[in-house]
Amino acid sequence: MNPKTPFLLKRLFTVSFLLLLLLLGAMFLGLSLGSSENGVKAVWQSLSGARDADSMLSAIIWRIRFPRVVLAALVGATLSLGGLVFQALLRNPLAEAYILGISGGSAVGAIIGILMGLSRFPGVSFTAFAGSMSTLLLIFLISSGQTILKKDSLLLSGVMINAFCSSIIMFLVSMTYDSRLHNIMFWLMGDLSTADISQVGILAASILPCFVLIFCLSNSMNLLLLGKEMAQTMGVNIKFVTVTLLVATSFMVSATVCHCGLIGFVGLVIPHLLRLLFGPDHRVLVPACMLGGGAYMVFCDLLARVLPEQGEMPAGVITAMIGAPLFIFLLKRSDLRK
Amino acid sequence: MSTAIDIKNLSYSYGNGPVLKDISFSIQKGDFFIIIGPNGSGKTTLLKTISGIIKPQRGQLEILGQSIRSYTRKVLAKTIAFVPQMVQVDFPFTVSELVLMGRSPYLGLLGLEREKDIKIAEHAMAFTGVEHLARRRLDQLSGGERQRVFIARAICQDSEIILLDEPTASLDLAHQVRVMDLMERLKKEKSVTVIMVSHDVNLAAMYGDRLLLINKGKIVSMGRPDEVLTFQALEEAYGCMLLVDESPIGKFPRITLVPQKFSNSSPFKN
């Protein structure tokens with residue numbers, strides 16, 4: 001094979017394999033570390049199901065840490081992939097998974113749920129999901145017909161709806177005085193602590209098909225970057241691809257947001273970071289975002305659990321704290337290489 | 001010779017009035033066919049209609065003997081490739097990645113290339129002389145190099161017909177000739193039908209087998225360069241004073257612009 005043209009499959013497998021190792025490593029750390037200190041050996045015994053494993057530790061690992069680590073991986077994967085799709089569709093580097101107003105809508109829904117005193121699951125999850133779906137419906141109604149294909153009108157409608165929702169959030173927050181305020185703030189900052197294995201199972205079942213669908217459309221996303229006319233003359237059904245990507249992405253992002261609140265920055269920084277590392281081909285970036293985003297989120301959640309002396313902090317606090325400097329570092333380095 | 005494109009009574013209008021008015025003509029297979037005309041004459045709309053980007057509102061358009069409506073998107077992409085005017089590339093694809101995109105209509109559900117596709121892409125890059133740039137990023141190339149990369153992508157699409165929208169605009173002289181020579185070779189060696197919109201009437205005169213002059217959405221004339229490029233027709237269409245004589249390098253017309261400061265001196269005084 002001519003070395004000038006790197007074979008896509010090889011690159012796809014190399015990148016996926018590396019990031020899979022990273023994800024598995026992060027997950028192992030996530031399972032091993034926590035408020036109860038145990039040696040790596042004990043953790044390994046529990047994980048591998050050895051007979052002399054500590055049953056208390058096994059319970060902690062499988063009942064508490066495992067769902068949480070899987071949830072973090074799913075959320076990281078979804079938000080990174082969501083950011084990647086919106087950056088491609090809107091041809092805007094500042095786009096992220098929440099750009100269509102999903103964050104605002106679901107936050108309003110969640111806060112209403114919390115104020116109504118609903119339980120975290122299924123109550124608040126349900127109102128959050130309803131909130132994000134109604135903003136999406138609104139966006140599709142506003143930009144119905146041809147304008148859905150115009151990136152700027154879609155972007156602006158999303159920004160406006162998010163701004164409107166923010167004011168409602170502030171209104172609701174400023175009317176709240178009791179302990180519910182703490183719940184609201186935790187939700188807004190993104191929190192993975194309430195994971196439960198059946199919940200995580202439902203989430204996985206609903207978003208994995210979206211991942212597959214998006215991967216099948218990843219070559220079309222490459223072509224869309226050349227502009228609509230070019231893509232069309234290369235056999236892409238623009239309307240079908242655009243609408244499918246918008247719906248699949250919005251659905252999976254809403255589904256994760258209603259489980260764990262607003263975790264910012266992952267959807268913005270991970271796609272850029274991976275693009276700097278592996279180039280702009282979406283057939284590589286889609287699996288890379290799933291695995292890399294998952295690994296990043298597991299790692300951030302681990303820090304959110306381990307860093308505070310008592311209790312824990314929302315994972316959303318960590319994501320930007322690490323992500324922003326890391327991204328600036330990589331950006332400077334790639335600028336220098338030009 | 002059989003017909004590549006057959007257009008009957010084609011009309012098209014945007015919101016503010018008709019752009020193409022009842023146009024009929026056909027293009028033979030294997031021709032180097034160049035569409036010329038002033039700004040706003042409907043050239044680009046005509047090219048976009050043939051490419052399938054916009055649907056004909058009225059009239060018929062047949063490609064290789066079949067109505068364009070009977071083509072699926074992928075089959076149309078395998079039949080006609082389109083090279084637009086300068087494309088703005090927002091994301092840093094490399095040259096080989098971009099050329100390989102031309103294989104898209106041939107890929108399966110997952111959209112992954114096989115070795116055969118890479119061979120075809122490498123051949124296309126060699127044909128347009130950009131293989132040494134394969135790993136370079138598009139935003140690091142000059143305008144002429146980038147245009148040849150986009151032509152390589154079109155060749156990679158392996159279609160019988162290639163459409164180009166002003167491929168020489170904003171290129172320097174050497175790159176203009178290089179791009180036009182490339183299309184000539186493509187026509188001769190791969191018997192591709194080349195259909196081009198051009199602003200440069202001299203290049204059209206030198207390279208075109210047949211020319212189509214349109215103005216205000218209507219056909220002015222169609223035929224060999226010496227039949228179409230008469231000074232009466234050109235002055236009428238472009239609305240400026242021109243001198244047409246025979247080129248010193250061959251049997252085709254040469255068009256010279258006449259600046260206003262010379263327009264009163266002989267031999268232009270009638």
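Just so it is clear, none of the values below were taken in a lab; they were calculated from the coordinates. This one's a predicted model, so the numbers in the text were calculated from it and none came from an experiment. Virtual Cβ from ideal backbone geometry, glycine too; neighbours counted across all protein chains shown.
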(Q) At a threshold of 8 angstrom on Cα-Cα distance, excluding pairs fewer than six apart, so keeping six or more, what relative contact order does chain A reach in percent? (A) 29 percent
Q) Most fluctuating residue of A:P325, A:P280, A:P271 in a GNM of chain A with Cα springs under 10 Å: which is it? A) A:P325
Q) For the residues A:S250, A:S198, A:S206, what sequence is obtained by ranking on other C-beta atoms within 10 Å, fewest first? A) A:S198, A:S206, A:S250
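Please label the shape of chain A as rounded, prolate or oblate, based on the square roots a ≥ b ≥ c of the eigenvalues of the alpha-carbon gyration tensor (a/c under 1.5 means rounded; beyond that, a/b larger than b/c means prolate, else oblate).
oblate
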Q) Counting alpha carbon pairs within less than 8 Å and at least 6 residues apart, what relative contact order, in whole percent, applies to the range B:139-200? A) 42 percent
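Shielding by partners for B:103-115, please: the mean number of other protein chain Cβ atoms within 10 Å of each residue's Cβ.
Rounded to a whole number, the mean comes out at 5.
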Q) Spin-label point model (7 Å from Cα, Cβ direction): what's the B:E115 to B:V177 distance in nm? A) 4.1 nm
Q. Under a point spin-label approximation (7 Å from Cα along Cα-to-Cβ), what is the B:F231-B:K8 distance to one decimal in nm?
A. 4.1 nm
Q: List the pair-distance distribution P(r) of the range B:196-270, using every Cα-Cα distance, as the percent of pairs falling in each 5 Å bin from 0 up to the bin containing the longest distance, rounded to whole percents.
A: 3, 15, 26, 26, 16, 10, 4, 0
Q | Under 5 Å, built H, 5+ apart or other chain: amide partners of B:Q28 | A | B:A4
Q: Would you mind counting up the charge near B:T168? Only other residues with Cβ under 15 Å from its Cβ, with Lys and Arg at +1 and Asp and Glu at -1.
A: -3
Q) Can you sort A:C216, B:C240, B:C156 by how many other beta carbons sit within 10 Å, fewest first? A) B:C240, A:C216, B:C156
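Could you tally the net charge around A:S218, taking each other residue with its Cβ under 12 Å from the Cβ of A:S218, Lys/Arg +1 and Asp/Glu -1?
0
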Q.
I need to check one value: relative contact order of the range B:91-158, counting alpha carbon pairs closer than 8 Å and at least 6 residues apart, in percent.
A. 52 percent
Q: Work out the mean other chain Cβ neighbour count within 10 Å for the residues of A:233-245 and drop it here as an integer.
A: 4
**Q.** FRET efficiency, 1/(1 + (r/R0)^6) with R0 30 Å, evaluated for A:S206 and A:K332 via beta carbons
**A.** 0.15
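Pull out a ≥ b ≥ c, the square roots of the eigenvalues of the alpha-carbon gyration tensor of the range A:102-225, then state rounded if a/c is under 1.5, prolate if not and a/b is larger than b/c, and oblate in the remaining case.
Oblate shape, in that a/c is at least 1.5 and b/c is the bigger or equal ratio.
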Q) Using 0.36 nm per residue, how much length does the chain from A:R180 to A:N92 gain when fully extended, once their Cα-Cα distance is taken away? A) 28.0 nm
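In nm², what is the average projected area of the convex hull enclosing the Cα atoms of the range B:91-158? Walk me through the intermediate numbers first.
Details: hull surface 17.2 nm².
Over every viewing direction, the Cα hull of the range B:91-158 projects on average to 4.3 nm².
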**Q.** Residues B:K216 and B:S247, FRET efficiency given R0 of 30 Å [Cβ-Cβ distance, rounded to 0.05]
**A.** 0.60
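In square nanometres and to one decimal, what's the mean projected area of the convex hull around the Cα atoms of chain B?
Computed as one quarter of the Cα hull surface, the answer is 16.6 nm².
Let me check I've understood the local charge: for B:A4, count other residues with C-beta under 11 angstrom from its C-beta, Lys and Arg +1, Asp and Glu -1. What total comes out?
Charge balance near B:A4 sits at -3.
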Q) the range A:22-117: which trypsin sites (Lys or Arg not before Pro) are DSSP loop and have at most 11 other beta-carbon atoms within 10 angstrom? A) A:R51
Q. Calculated FRET efficiency, B:S26 and B:E189, Cβ-Cβ r, R0 25 Å, to nearest 0.05?
A. 0.55
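Can you sort A:F7, A:F17, A:F211 so the residue with the fewest Cβ neighbours within 10 Å comes first?
On the way: A:F7 16, A:F17 11, A:F211 19.
Going from least to most buried by this count: A:F17, A:F7, A:F211.
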**Q.** Gaussian network model of chain A, Cα within-10 Å springs - most flexible of A:S220, A:S46, A:S80
**A.** A:S46
Q.
Can you compute 3J(HN,Hα) from phi for each residue in the range B:193-203, using the Karplus curve 6.51 cos²θ - 1.76 cosθ + 1.60 with θ = phi - 60°, rounded to whole Hz and x for Gly and Pro?
A. 7, 9, 10, 9, 9, 9, 8, 9, 5, 5, 4
